[in-house]
Each structure stands twice: as structure tokens, then as C-alpha cells.
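The values are calculated or read from the model by the stated rules, or taken from the named source; none is laboratory data. No experiment lies behind these values; they were computed from the predicted model shown. Neighbour counts run over all protein chains shown; Cβ positions are idealised from the backbone, glycine included. In case anyone asks, the SASA skips ligands and DNA or RNA and just uses the protein heavy atoms, side chains included. Shrake-Rupley method; radii C 1.70, N 1.55, O 1.52, S 1.80 Å.
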Amino acid sequence: MFGRDDIGTHTMRKTFGYAYYRRTKDLAFLQNIFNHSAPSITKRYIGITQDEIDETLKDFAL
């Protein structure tokens with residue numbers, strides 16, 4: 001439809017989840033949408049866990 005074969009439905013699902021979480025911060029609702037058993041699974045799935053790690057380490061220095 002868009003002339004691209006490098007983006008699949010799974011990519012769009014994860015992109016939606018990431019954007020939805022960044023806008024609403026409603027992890028519980030997103031967990032329900034994705035039918036995940038735990039919030040930690042949803043966070044890892046959409047990449048929020050790594051973003052949070054990166055943010056906390058951004059200004060860290062020894």
C-alpha cells in the first residue's frame with residue numbers, strides 16, 4: 001500500500017505502543033491492549049526500559 005516492504009505490522013504495533021506511552025504514561029492500559037501479563041513486559045516490549053536507563057545515565061560521571 002505504501003510501497004515499503006521494510007515495515008511490518010509488528011513494527012507498527014511497537015511504534016504505536018511507544019508513542020501511546022510517551023503521550024499518556026498509562027502503562028496499565030497499554031499492558032491491557034497488548035495482553036501482556038506484567039507491566040515490565042510491556043515496558044521492555046516498547047523499549048521504555050532502555051530509554052529510562054539511558055536517561056538516568058546521561059549525566060552520570062565518576
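Counting only residues that are open to solvent by 80 Å² or more (accessible area, probe 1.4 Å) and not charged (D, E, K, R), which one in the range 4-17 is nearest to the chain's Cα centre (by Cα)? Of everything passing the filter in the range 4-17, Phe16 is nearest to the chain's Cα centre (by Cα).
Residues in the range 29-49 that are loosely packed, with under 10 Cβ neighbours inside 10 Å and not hydroxyl-bearing (Ser, Thr, Tyr): 2 in all. Those helices (runs of 4 or more DSSP H) of the chain in which 3 or more residues are free of Cβ contacts under 8 Å to residues at least 24 places away in the same chain and among the β-branched types (Val, Ile, Thr) occupy 9-24, 48-57.
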